[in-house]
Amino acid sequence: MTSPLPPLVRRAAFFGVAAAAVYCTMIFGSLSRLEMLAGEAPFDMRPMGYSPEEARALLSSLGESGRTTYAQVQLVLDTLYPALMALTLACLFRLVGHRTARPRTIRVGILVSWMAAVFDYAENVGIAAMLAVWPKLPDWLVQFSSLATVAKSLLTSAAVAGLLGLAGLWYWRHWQAIRQSESKVV
């Protein structure tokens, strides 16, 4: 028996559920543990970035156990999340956008989603490098990682806002069509 849902809907649901599962595991598991150990937000949860001094303070306050958790748990989970999120957003842009947007708009939304993933991976590389060279932490490495964090945050926000905008446009057009068909019946 085949599924009554179109393939794109099934893919969006699969990737979305997988992304949400990994995200919840990070938020309520590894990131929560890191915040508890350090008494402050981990790098991943600082959308406005961080200075070299803030990075040194965080890595110091994490202690050996926290730095190990960051490297062996959080960064491992965060190798899955960016791609799953980008795949989810790409499917949703295609799904919602095919009735409301020009193909170029859909492609831009998908591109922004994947750019967010690329910067998330760059952030992970920067964090892994900071953990590897600790306690000798060069400022340029922190600045690279912080910039990647800010770019990831901005691009993710832009992709989600664009998708919500398309969904709102679709809903508006759908609602208008229903109102027009009801007015013809009366």
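Can you pull out every residue in the range 129-141 that is outside any loop (DSSP other than H, G, I, E, B) and open to solvent by less than 40 Å² (accessible area, probe 1.4 Å)?
Correct list: ALA129, MET130, LEU131, LEU141.
For the range 142-174, which positions are of a type outside the set (S, T, N, Q) and open to solvent by 70 Å² or more (accessible area, probe 1.4 Å)?
Matches in the range 142-174: PHE144, LEU147, LEU154, LEU164, TRP170, TYR171, TRP172, ARG173, HIS174.
Take ILE110 and decide whether it is in contact with a Gly (Cβ under 6 Å, 6 or more places away or on another chain) and over 30 Å from SER61 (Cβ atoms).
No; evaluated as a whole, the condition is false for this residue.
Mind checking which pairs have a first residue in the range 74-86 that is free of Cβ contacts under 8 Å to residues at least 12 places away in the same chain and of a type in the set (Asp, Glu) and a second that is outside any helix (DSSP H, G or I) and crowded, with 16+ Cβ neighbours inside 10 Å, Cβ under 8 Å, 6 or more apart or different chains?
Listed by first residue and then by second, the contacts come to nothing, as the list is empty.
With SER61, SER30 as the choices, which residue is of a type in the set (S, T, N, Q) and within 18 Å of VAL125 (Cβ to Cβ)?
Unique residue meeting the criteria: SER30.
The values are calculated or read from the model by the stated rules, or taken from the named source; none is laboratory data. Because the structure is a prediction, the values reported are computed rather than measured. With ideal geometry, Cβ positions are generated from the backbone for all residues, glycine too; neighbour counts draw on all protein chains shown. Calculation scope for accessible area: heavy atoms of the full protein, side chains included, ligands and nucleic acids excluded. Shrake-Rupley method; radii C 1.70, N 1.55, O 1.52, S 1.80 Å.
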